[in-house]
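Shown next, in structure tokens, is the structure this report addresses.
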Amino acid sequence: MKKILHLTVFLAVVGALSAGVLSYVNELTAPIIEEQKLAAVKESLEVLYPGASFSELSTEQDETGLVTGAYLADGKGYIYQLQVVGYNSSTPIDFMMSIDLDGTVSGYAVLTQQETSGIGSRVADAEFVDKVVGSSVNDSIATLSGATISSTAVINGINAAKALYGLQAGVEVEAPSAPEVVEVVYTLSDDYSSNGAAVVSQDGTSFTVTANGFPGNDVNEFVIVVENGAIVSVTNTVFGDTAGIGEAAVSEDALSAYAGATLESEVDAVSGSTFTSKSVFAAMQAALKAASGEEASTDEGTEETETTEETVSVDGDSYTAEAQGFGGTVSVTVVLNGSDIVDVQVIGDSETAGIGTNAIEQLPAKIVEADSADVDAVSGATVTSTAILTAVKDALSQAGLTSAEGTSYTAEAQGFGGTVSVTVVLNGSDIVDVQVTGDSETAGIGTNAIEQLPAKIVEADSADVDVVSGATVTSTAILNAVKDALAAAQ
């Protein structure tokens, strides 16, 4: 009995001591863990409040689940990380925004998005940024015409951040109303050529017309009756657009509203179904023109012409390298005739259509013309451009060439997302070229340092230059690697 009592007392003492030790260890490590978490996002935070001191805040009061991070910039304002789902349900939109202490939205930046290029992707463009930045926490923000789903999703996230700001700052924030929808007035005489409307058959006053709606979807088909230059009825016979979204624009109620419309009539798009609405307008325009004898697109008697793409073969030695683009790996093959760049071929199947593909199309000719990888990135396609130029420089290195004559020295340092590799080319003691590779650095933040610092270092002939604002970690890595490379040259 005494042994059991002693054992019980012993276990109780050990338990109490263990709890005390764990509590003490937690007390010691908690600030370290918090500091490490902050360091991981500090580069992004500094884009919104350069030079501020940051502390992490709780997001437990966010009832929407859209706020993924909250931070206080001491004496300046609040920063919120958000994740929302737009039109592309498989890939969310990640963005950050800042709210000053006076309730003004002072910053907004999209970190990642894979919305449809030129449509939902506009939530990252200036036209939407200007709607957000400068507004107050009590202002409503209008959606983007033609990108209602994507912009509404982002606005819902912004409203969630505003609500949390009110709770954390201790100020009253009005409950958000539904996002204001921008109404655009259309007429049936507008240019709908991008919808590719075509009259496929005619039976008296009845016309069967096909027209494209949302890019990439199947065509929509309509039967349209026209009498005396006006629409009598519109019936949707084949629906090729997105179920649950575009269907509102081809409902019986929506289509019946167009009875009596002529080519001069104003027509309203159905909110949230702009692309399908424009498909209807294009079809009605084609039917009205066909009924009046005007030239209209038709598939009857259309001659198909087979075209072939001529492949030009360039003689020379080929060198291939890869780099990480926005959507995936970008592969570049450089063809050299001696030391001259005579051809550049780029493959980047995962780059965003209309954005990254612009860089793939435009940069090769610029590089060949300059006979160098030291050319400007394509505006709006910075990440893909950087990947192409980095891969070209790697290919040239394989051939024993750099963009400048001299002796090369390479060093590495830890950046924000991973290893940053720097090659410094020296002509005597002069820095004549700096090449930086950092595939894991944050697009639009760390990549800014990769693009901007090399020229500054060459111009100063020194690594003692200022870091790029908002990209402190990547900048420091580049400068440290340059200093290591210079030290290796001594």
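Remarks
- A single entry from 56, 115, 60 fulfils the requirement of being among the charged types (D, E, K, R), without any contact (Cβ under 8 Å) to a residue 24 or more places away in the chain, surrounded by 13 or more Cβ atoms within 10 Å (Cβ to Cβ) and under 20 Å from residue 160 (Cβ atoms): 56.
- Residue check, residue 225 of a type outside the set (Lys, Arg) and over 28 Å from the mean Cα position of the chain (by Cα): yes
- Residue identified as assigned by TED's automatic domain parsing to the domain that holds residue 321, more than 20 Å from residue 51 (Cα to Cα), touching a Leu at 6+ places or on another chain (Cβ under 9 Å) and small (Gly, Ala, Ser) among 475, 421, 408: 408
- Of the strands (runs of 3 or more DSSP E) lying entirely inside the range 190-255, those containing at least 3 residues that are in contact with a Leu (Cβ under 9 Å, 6 or more places away or on another chain) are 220-227, 230-238.
- Of residues in the range 342-356 being outside any loop (DSSP other than H, G, I, E, B) and at pLDDT 85 or above, the one farthest from residue 373 (Cα to Cα): 347
- Across the range 422-459, the qualifying residues are those that are among the polar types (S, T, N, Q) and assigned to a loop (DSSP other than H, G, I, E, B), and the one among them that is farthest from residue 110 (Cα to Cα) is 429.
- Residue 52 in a strand (DSSP E or B), among the aliphatic types (A, V, I, L, M) and over 21 Å from residue 171 (Cα atoms): no
- Test: residue 401 is hydrophobic (A, V, I, L, M, F, W, C), in contact with a strand residue (DSSP E or B) (Cβ under 9 Å, 6 or more places away or on another chain), in contact (Cβ under 8 Å) with a residue 40 or more places away in the chain and part of a loop (DSSP other than H, G, I, E, B): yes
- Qualifying residue in the range 124-138 (condition: touching a residue at least 40 places away in the same chain (Cβ under 8 Å), within 15 Å of the chain's Cα centre (by Cα) and closer than 22 Å to residue 357 by Cα): no
- Verdict on residue 261 being in the same structural domain as residue 288 (by TED's automatic domain parsing), crowded, with 18+ Cβ neighbours inside 10 Å and either of a type in the set (Phe, Trp, Tyr) or touching a Leu at 6+ places or on another chain (Cβ under 7 Å) (or both): yes
- Within the range 478-490, the only residue that satisfies the criterion of being buried (at least 22 other Cβ atoms within 10 Å of the Cβ) and either in a loop (DSSP other than H, G, I, E, B) or at pLDDT below 90 (or both) is 485.
- For the condition surrounded by fewer than 19 Cβ atoms within 10 Å (Cβ to Cβ), touching a residue at least 40 places away in the same chain (Cβ under 8 Å) and touching a helix residue (DSSP H, G or I) at 6+ places or on another chain (Cβ under 8 Å), residue 150 does not qualify.
- Of all residues in the range 256-292, exactly one satisfies the criterion of being under 14 Å from residue 146 (Cβ atoms), hydrophobic (A, V, I, L, M, F, W, C), in a loop (DSSP other than H, G, I, E, B) and touching a residue at least 24 places away in the same chain (Cβ under 8 Å), namely 269.
- Residue 462 assigned to a loop (DSSP other than H, G, I, E, B), in contact (Cβ under 8 Å) with a residue 24 or more places away in the chain, within 19 Å of residue 410 (Cα to Cα) and more than 19 Å from the chain's Cα centre (by Cα): yes
- Residue within the range 445-454 that is crowded, with 18+ Cβ neighbours inside 10 Å and more than 22 Å from residue 394 (Cβ to Cβ) present: yes
Residues checked against (1) aliphatic (A, V, I, L, M); (2) at pLDDT below 90:
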| position | (1), (2) |
| --- | --- |
| 127 | no, yes |
| 138 | no, no |
| 148 | no, yes |
| 155 | yes, no |
| 162 | no, no |
| 166 | no, no |
| 181 | yes, yes |
| 186 | no, yes |
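- Among the residues making up the range 73-101, a single one is out of contact with any Asp or Glu (no Cβ under 9 Å at 6 or more places or on another chain), in a loop (DSSP other than H, G, I, E, B) and closer than 16 Å to residue 166 by Cα: 101.
- Filtering the range 457-472 to residues that are within 24 Å of residue 388 (Cβ to Cβ) and either at pLDDT below 90 or among the acidic types (Asp, Glu) (or both) leaves 458, 459, 468, 470, 471.
- Any hit, the range 362-373, residues being under 24 Å from residue 125 (Cβ atoms), surrounded by 22 or more Cβ atoms within 10 Å (Cβ to Cβ) and not acidic (Asp, Glu): yes
- Candidates 318, 339, 313 - the one that is over 28 Å from residue 126 (Cα atoms), among the hydroxyl-bearing types (Ser, Thr, Tyr) and modelled with pLDDT of 85 or more: 318
- Residue match in the range 140-163 (condition: assigned by TED's automatic domain parsing to the domain that holds residue 56, over 24 Å from the mean Cα position of the chain (by Cα) and either outside any loop (DSSP other than H, G, I, E, B) or of a type outside the set (S, T, N, Q) (or both)): yes
The values are calculated or read from the model by the stated rules, or taken from the named source; none is laboratory data. Every value quoted in this text rests on a predicted model; they were computed, and no experiment measured them. We place every Cβ from the backbone using ideal geometry, glycine too, and count neighbours over all the protein chains shown.
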